[in-house]
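Heads up, the thing below is written out as structure tokens.
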Amino acid sequence: MEYQDVVISESGEEEITETCEEVVQQIIQENKEEDEPAVHGDKNKILEEERVRDMEYLWGEGSLEYSLNLIEHRLEERRSLRRVGQRWNSSVCIFRLPDTFLDINCKAQQPEIVSIGPYHRGKENLLEFEEHKWLFLERLLSRPGVFRMDLNQYLRKMRQMEKRARDCYSESVPMSTHDFVEMMLLDSCFVIELFRYIDRSRTDMFSTGNPIYGRPWLIPVLIRDLFKLENQLPLFVLESFFIASKSPEEYRSPRSFCKLVLEVFALVSPGLVSPMLSDTITFHQDLKAKHLLDFLHSSLLPQNQVTIRKRQDEYHRSGQPGQSIQSVTQLRPSGIKFKSRKAESLLDIKYQKGVLEIPTITINDVTASVLINCVAWEECLEDDLKYFSHYVSFMNCLISQPRDVAFLCSDGIISRFSNDDQYVANLFNNLAKSKVFNNRDCYLWKEFKEIQAYYCSNWATMRRTYFSSPWSFILVFSAFFLIALTMIQTAMSVLSYQRQFG
């Protein structure tokens with residue numbers, strides 16, 4: 001806008017005032033017109049930003065719909081991984097030991113003299129038996145088998161099972177086909193022939209050339225190694241080679257490979273497997289086990305599992321809170337008696353009428369290894385009834401110090417052939433610490449409930465308060481005796497008074 005020059009004269013004062021007012025009004029109007037587009041632009045920008053935020057809320061990274069779509073996509077990815085055979089695939093059955101078990105007992109976790117499978121293959125301390133495995137392979141190939149299979153046929157058979165065997169391991173096996181097939185063949189033949197030789201220990205076990213000749217102490221160590229979680233082969237591979245290498249004598253016998261395994265284990269560790277061996281083997285002969293540890297674990301379970309599950313379901317429906325129990329040192333003064341019992345399973349514990357019956361167990365290196373690896377195997381399973389875990393937790397409640405072990409030894413529950421009391425107490429205490437225990441899910445929930453109910457009863461409280469030791473008993477007896485004498489004296493005084501003044 002152009003402004004005209006204003007000439008001020010002495011006679012035009014009013015004209016100057018009017019002209020100034022016009023100029024000011026024009027400037028204000030001009031500024032107003034210039035500001036209006038900017039205001040409208042700011043409003044439009046604000047509206048656009050609000051619209052964008054609304055869209056982001058509905059569909060963007062901050063929206064519920066966006067999060068829902070992303071999480072569903074990731075869930076579908078994991079479902080696909082499971083379907084193609086990742087860790088949670090149903091075919092996976094040979095796991096690494098859970099981290100919570102690593103510090104319990106090294107001898108019970110890692111193989112000591114022989115590696116079976118890929119997890120510990122090539123370790124320096126296990127190389128001696130890698131050479132011995134070739135001797136066992138030679139012996140299997142030289143057997144007068146019914147099917148007369150040669151090395152070529154065994155290799156072809158293992159090649160056909162390679163994919164299925166690889167899928168059994170929770171971790172991928174970075175081995176070539178040749179190395180994996182050779183390892184599985186050597187390890188399988190070693191395991192099969194070892195069980196055969198131990199079974200016929202009176203003859204060729206101690207023959208010249210056998211790596212165990214002159215070293216019979218190796219047998220328990222080898223058996224321990226064969227039942228460790230990380231030292232397993234798929235059972236279908238072992239059974240396939242066992243059947244293929246059967247001699248005419250074995251072929252006529254109905255004994256399966258699993259039956260042979262359980263008989264040999266009972267020979268090496270009679271304190272763990274029931275003396276009622278034939279019935280146990282017959283019952284478990286058709287189990288669909290996945291490896292040797294799984295078979296042993298299943299064989300040692302109570303046979304009345306259906307009844308146990310019904311009892312547990314009833315307990316859950318009742319809504320009763322979980323119970324705990326005291327140690328042996330605390331339960332004995334309350335009047336609870338401990339007694340060993342003969343049972344088909346060491347897990348078959350009973351309590352009735354103030355008597356707790358527990359099957360006898362020998363706690364040595366073999367038993368410790370079996371307990372630790374069976375509990376670890378249960379941690380890898382999805383089954384809610386973890387029998388060995390519950391058994392260990394129950395025994396941990398009973399055993400809080402070596403003195404409790406000594407009492408159980410005197411009652412015949414822990415065999416005197418076991419390791420020292422401190423070793424036994426540490427085993428159960430450390431193993432129980434490795435897992436969270438809820439006795440509402442325990443197969444021994446009824447025993448927990450009844451023992452605790454008795455312990456809290458008035459009679460049990462009176463027994464441990466007044467009769468827990470001979471001195472307590474003497475003091476209580478003396479008090480009752482004095483009270484009785486006082487009452488008799490009072491009665492005699494009353495009768496004497498009546499006679500005198502009656």
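Measure off 7 Å from each Cα along the Cα-to-Cβ vector at SER410 and ARG499, then give the distance between these two points in nanometres to one decimal.
With each label placed 7 Å out from Cα toward Cβ, I get 5.1 nm.
Where a ≥ b ≥ c are the square roots of the eigenvalues of the C-alpha gyration tensor, would you call region 94-163 rounded, which needs a/c under 1.5, or, failing that, prolate if a/b is larger than b/c, or oblate?
prolate
For TRP459, TRP377, give me the order by solvent-accessible area with a 1.4 Å probe, most accessible first, ignoring ligands, DNA and RNA.
Reading off the accessible areas and sorting them downward yields TRP459, TRP377.
Would you mind working out the magnitude of the charge dipole of region 334-373 relative to its Cα centre, with +1 at each Lys and Arg C-beta and -1 at each Asp and Glu C-beta, to the nearest 20 Debye?
320
With the full set of protein chains in place, find how many percent of the accessible area of region 327-450 is carbon and sulfur; take the probe as 1.4 Å.
46
Can you list which of the trypsin sites (Lys or Arg not before Pro) found in region 412-453 are DSSP loop residues with at most 15 other C-beta atoms within 10 Å?
ARG416
Could you give the length gained by full extension between ARG148 and LYS337, i.e. 0.36 nm per residue of separation minus their alpha carbon distance, to one decimal place?
62.1 nm
Is the shape of region 155-200 best called rounded, prolate or oblate, per the rule: a/c under 1.5 gives rounded, else a/b larger than b/c gives prolate, else oblate, with a ≥ b ≥ c the square roots of the Cα gyration tensor eigenvalues?
Prolate, because a/c is 1.5 or more and a/b exceeds b/c.
Stretched out fully, how many nm does the piece from THR100 to GLU249 gain, at 0.36 nm a residue minus the Cα gap?
Answer, rounded to one decimal: 49.0 nm.
With a 10 Å radius around each residue's Cβ, average the other Cβ atoms per peptide and rank 408-414, 388-394, highest first. Could the numbers behind the result be given before it?
Values: 408-414: 18.7, 388-394: 24.0.
Listed from highest to lowest mean packing, they are 388-394, 408-414.
Need the full-extension length gain, LEU385 to ASN69, defined as separation in residues times 0.36 nm minus the C-alpha distance. One decimal, nm.
Working: separation 316, 0.36 × 316 = 113.76 nm, distance 3.67 nm.
Here the answer is 110.1 nm.
Once you put a point 7 Å from the Cα of SER327 and another 7 Å from the Cα of GLU182, both along the Cβ direction, what distance in nm separates them?
5.5
The values are calculated or read from the model by the stated rules, or taken from the named source; none is laboratory data. From a predicted model like this one, the values you see are computed outputs, not experimental measurements. Virtual Cβ from ideal backbone geometry, glycine too; neighbours counted across all protein chains shown. With ligands, DNA and RNA removed, areas are computed over all heavy atoms of the protein, side chains included. Shrake-Rupley method; radii C 1.70, N 1.55, O 1.52, S 1.80 Å.
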